[in-house]
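So the structure is just underneath, and the comments pick up after that.
The values are calculated or read from the model by the stated rules, or taken from the named source; none is laboratory data. Being a predicted model, the structure only gives us computed values, none of them experimental. Accessible surface areas use protein heavy atoms only, side chains included; no ligands, DNA or RNA. Shrake-Rupley method; radii C 1.70, N 1.55, O 1.52, S 1.80 Å.
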Amino acid sequence: MKNITVIGSGTMGNGIAHTFAQNGFNVSLVDISNEALQKALQTIAANLDRQLKKGTIDEAAKAATLANIKIYTDAYAGASDADLVVEAATENREIKLKLFKELSDLCKPEAILASNTSSISITEIAATTNRPDRVIGMHFMNPVPVMKLVEVIRGYSTTDEVTNSIMELSTRLGKSPVEVNDYPGFVANRILMPMINEAIYTLYECVAGVAEIDAVMKLGMAHLMGPLQLADFIGLDVCLAILNVLHKGFGNPKYAPCPLLVNMVMAGQLGVKSGAGFYQYAAGSKDLVVAKKFWN
Ligand SMILES: NC(=O)c1ccc[n+]([C@@H]2O[C@H](COP(=O)([O-])OP(=O)(O)OC[C@H]3O[C@@H](n4cnc5c(N)ncnc54)[C@H](O)[C@@H]3O)[C@@H](O)[C@H]2O)c1
């Protein structure tokens, strides 16, 4: 595998492109928004500068990584030569089903089509394509260049050959892949999202404030980040979309999203990417400024 196409250049897409490019792959980064692509290139350059400062890469590696990435707004130009496509577009079932149908028509027959979806069924995505046996979940964690885990999700029809090749590829990227089966939320989000939702309910029911809830989980459970701050980093719209998939997929009310989360998403308070969520952020920065007050 040499040519990798990443579809979607948002929070995850830019990190996935960065990681493949840094490991010597030719990366085509595709987005419907040219603005998102430009922002992604800036983010990748800034993150490479951070690695440079830390001494984990040198100037030559930074230049080589950037040279390995080409950007496209036209999926055909970006994906027709791909050996592997990693889709990281918006977490929306209709968008992904449409994208995979188009990708299966325009990619080489031997190309593997992977999705970075947090929760949408790989089996359902695969069924829209002409190669369900070559469709798989490749679920990277945020921030991609730093986090070790890749949750590798086998759809109902995914072959051993494709699964083994994605496990090996993830290892070549310096990641630690873990193979799981395709049920709503897979493993990571089936466990993480109910915890985040419960933290939001704890706030909604005035049991404690934002900073207090996060402090309990950081100090008491040795979590590096509290669940509300983590929700801001993931994106509250993404959290809501995943909870809706769990709720619908299992038909169990325990996954129903907290009404406060629903309200915040409707109000456009999406966390770091919108500048405000459970915390307020300085413009264009991930640096946490202040925990918001939800009640007196
Ligand atoms: N945010 C996280 O922490 C996280 C972690 C793991 C997995 N994921 C998953 O990764 C995927 C992307 O999430 P994100 O947080 O990067 O979203 P995001 O909103 O930051 O970015 C999504 C990008 O997809 C683009 N897009 C939408 N439709 C497109 C199309 N048809 N073709 C090309 N580009 C398109 C948008 O313009 C946008 O730039 C989702 O499936 C999400 O569930 C997210």
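Summed over the residues of the chain and divided among them, the accessible surface reaches 47 Å² per residue at a probe radius of 1.4 Å. The relative contact order of the chain comes to 12 percent, based on Cα pairs under 8 Å that sit 6 or more residues apart. Largest mean-square fluctuation among I57, I120, I234, in a Gaussian network model of the chain whose springs join Cα atoms under 10 Å apart, belongs to I57.
Considering only G251, G13, G55, the Gaussian network model of the chain with Cα springs below 10 Å gives its largest mean-square fluctuation to G55. Reported value for region 88-129: 64 Å³ per residue, from the convex hull of its C-alpha atoms.
Reducing region 1-41 and region 219-266 to their Cα centroids gives an inter-centroid distance of 26 Å.
Please state, to two decimals, what the Cα-based radius of gyration of region 130-244 comes to when divided by 2.2 N^0.38 Å (N = residues).
Its radius of gyration relative to the 2.2 N^0.38 Å reference: 1.25.
Considering only beta bridges that DSSP places wholly inside the chain, some 30 percent are antiparallel. Largest mean-square fluctuation among R190, R50, R93, in a Gaussian network model of the chain whose springs join Cα atoms under 10 Å apart, belongs to R50. For region 189-291, compute Rg over Rh where Rg is the Cα radius of gyration and Rh is the Kirkwood radius from the inverse mean 1/r over Cα pairs. Value, to two decimals: 0.95.
I'd like the carbon and sulfur percentage of the solvent accessible area for the chain, probe radius 1.4 Å, heavy atoms only, ligands and nucleic acids excluded.
Using a 1.4 Å probe with all protein chains present, the chain comes out at 56 percent carbon and sulfur.
Using C-alpha pairs under 8 Å with a sequence gap of at least 6, the mean separation divided by the residue count of region 189-291 gives a relative contact order of 25 percent. Once the gyration tensor of the Cα atoms in region 1-73 is diagonalised, the equivalent ellipsoid follows with semi-axes of 20, 14, 9 Å, ordered largest first. At q = 0.12, 0.16, 0.20 Å⁻¹ the log10 of I(q)/I(0) for region 3-181 amounts to -0.49, -0.89, -1.40, computed by Debye summation with a single uniform scatterer per C-alpha, solvent ignored.
Shape of region 106-145 from the C-alpha gyration tensor: oblate (a/c of 1.5 or more and a/b not above b/c, with a ≥ b ≥ c the square roots of its eigenvalues). Under 5 Å between amide hydrogens, built in the peptide plane, is the criterion, and for G271 it picks out L236, A276, G277 among residues at least 5 positions away or on other chains. For region 189-291, the tally of Lys pairs with Cα-Cα distances below 27 Å comes to 5, considering only residues 8 or more apart or on different chains.
Residues whose amide H lies under 5 Å from that of M138, counting only those 5 or more places away or on a different chain, are S115, N116, T117, I153; hydrogens are built 1.01 Å from N in the peptide plane.
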